[in-house]
1. Given the structure, is Ala300 more than 24 Å from the chain's Cα centre (by Cα), at pLDDT 95 or above and not β-branched (Val, Ile, Thr)?
2. Among the listed residues Pro371, Pro328, which satisfies the condition of being part of a loop (DSSP other than H, G, I, E, B), touching a residue at least 12 places away in the same chain (Cβ under 8 Å) and in contact with a Lys or Arg (Cβ under 8 Å, 6 or more places away or on another chain)?
3. Might you let me know whether the range 17-25 holds any residue that is at pLDDT 95 or above and surrounded by 22 or more Cβ atoms within 10 Å (Cβ to Cβ)?
4. Which residues, counting only those in the range 117-157, are of a type in the set (A, V, I, L, M, F, W, C), touching a strand residue (DSSP E or B) at 6+ places or on another chain (Cβ under 9 Å) and closer than 20 Å to Lys205 by Cα?
5. Within the set of pairs 6+ apart or on separate chains, which have a first residue in the range 218-234 that is within 14 Å of His173 (Cα to Cα), a second that is in a strand (DSSP E or B) and of a type in the set (Gly, Ala, Ser), and C-beta atoms under 8 Å apart?
6. Please find, among His144, His168, the residue that is crowded, with 18+ Cβ neighbours inside 10 Å, assigned to a loop (DSSP other than H, G, I, E, B) and touching a Ser or Thr at 6+ places or on another chain (Cβ under 6 Å).
7. Take Ile184 and tell me if it is outside the structural domain of Cys379 (by TED's automatic domain parsing), modelled with pLDDT of 90 or more, out of contact with any Pro (no Cβ under 9 Å at 6 or more places or on another chain) and surrounded by fewer than 20 Cβ atoms within 10 Å (Cβ to Cβ).
8. Which condition breaks for Lys279 when tested against (1) charged (D, E, K, R); (2) modelled with pLDDT of 95 or more; (3) part of a helix (DSSP H, G or I)?
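The values are calculated or read from the model by the stated rules, or taken from the named source; none is laboratory data. Since the structure is predicted, the reported quantities are computational estimates derived from the model, not experimental observations. Backbone-built Cβ (ideal geometry, glycine too); neighbour counts: all protein chains shown.
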Amino acid sequence: MDTLLRDGINWVGYVDWTVRDFHGYRTERGSTYNSYLVEDEKIALIDTVKASYVERLLDNISTRVKLEDVSYVVCNHAEPDHSGGLARVMAACSNAELVCDEKCLKVLSSYHDASAWKVRIVKDGDSISLGKRTLAFLETPMVHWPESMFTYIPEEKLLFSMDAFGQHYASAHRFDDQESIEVIMQEAKTYYANIVMLYGKQIAKLLGRAADIEIEMVAPSHGVIWRSQIGTILAAYKEWSQCKVRPKVLVIYDTMWQSTEKMAQAILAGASRPGIDTKLLNVRASNSTVIATEVLDAAAIAVGSPTLNMTIMPKVVEILAYLKGLRPAGKAGFAFGSYGWGQNGPKEVDTYLQAMKFEMLRDPLCAKFVPTAETLEECRKAGELLADKAAGR
């Protein structure tokens, strides 16, 4: 495995090939927990790993330096997938100072007993000299926790970007030009949609600041390191953070006795035309990770549920609650569904969409028991509304 980023700077993290669930995020291609060792007159470790893998991290460090020779352990982000192993690292690297911002220390103190640690609090614009190289710190609040920060080595034009620009992607290689860029970008898009979509404004502001920094390599906390396709990932983040949509229509639904499914298919038929990307997503044949990724750049979305026990189908509730937390912006659409004695299902879907600030293209489209030919024609016309919106009309 090629772990060398620059002379004296190595990846020492852990590849998690088997993880498939990251607090609800389906990680079908696994993940990595990236940690980086900078060897200079003083030695710095940039981030640690999940607690389960800390001994592997310490073994990787020990193959290069003595643990007691580590001077600094930088914590860019206190979430346990990055800091779970921190207490063990601080005990093993007995002469090291923890370097983090003030908010980060407060969060870390909730997870660990930090009372015996040597700590250096840094703030935006601070730096530490390692000898030939400098660690410079850029606070990035809400990208994606309040205590998040980046670490930058100006002499190497190397940015340690924490969760930004990451991917949940396990690989035998460490760099973007050693794997399929199509696969990496798909995983980067999935990561953005499911982890940082709701922080688009903060990401956009961060990209503005990053424009003033010379960057030749970006080393995130998960996935591959960017050295050849930095322009590609920066352009994608700019587009995603600005909530740019494509001419794309989604019809998302669940069904009991195929009545809502018939409506969904009619809506899709109405939306289908040249130049419009249309997708039909049954929530029980998909999952929230995939659906959120599809929603990221979709212009128009219809969501359907029959009424079950006077409310929405459980899987539709799950998807809508997940999307509501991610706050997709710039979407238009409507609710639909069948019912027997009460129209609560589609009406409650409508309430969710309004709470997410969808531009509502019409009132909920409802069918009693089985959709009639007239109702299906109304569904097709409603699909045309979606296509018109996606086409920018």
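1. It is false that Ala300 is more than 24 Å from the chain's Cα centre (by Cα), at pLDDT 95 or above and not β-branched (Val, Ile, Thr).
2. Of the residues listed, the single one that is part of a loop (DSSP other than H, G, I, E, B), touching a residue at least 12 places away in the same chain (Cβ under 8 Å) and in contact with a Lys or Arg (Cβ under 8 Å, 6 or more places away or on another chain) is Pro371.
3. no
4. The answer is Ala136, Phe137, Leu138, Val143, Met149, Phe150.
5. Listed pairs, sorted by first residue: His222/Ser31; Gly223/Ser31; Ile225/Ala219; Trp226/Ala219.
6. Just a single option satisfies the conditions, and that option is His168.
7. no
8. (3)
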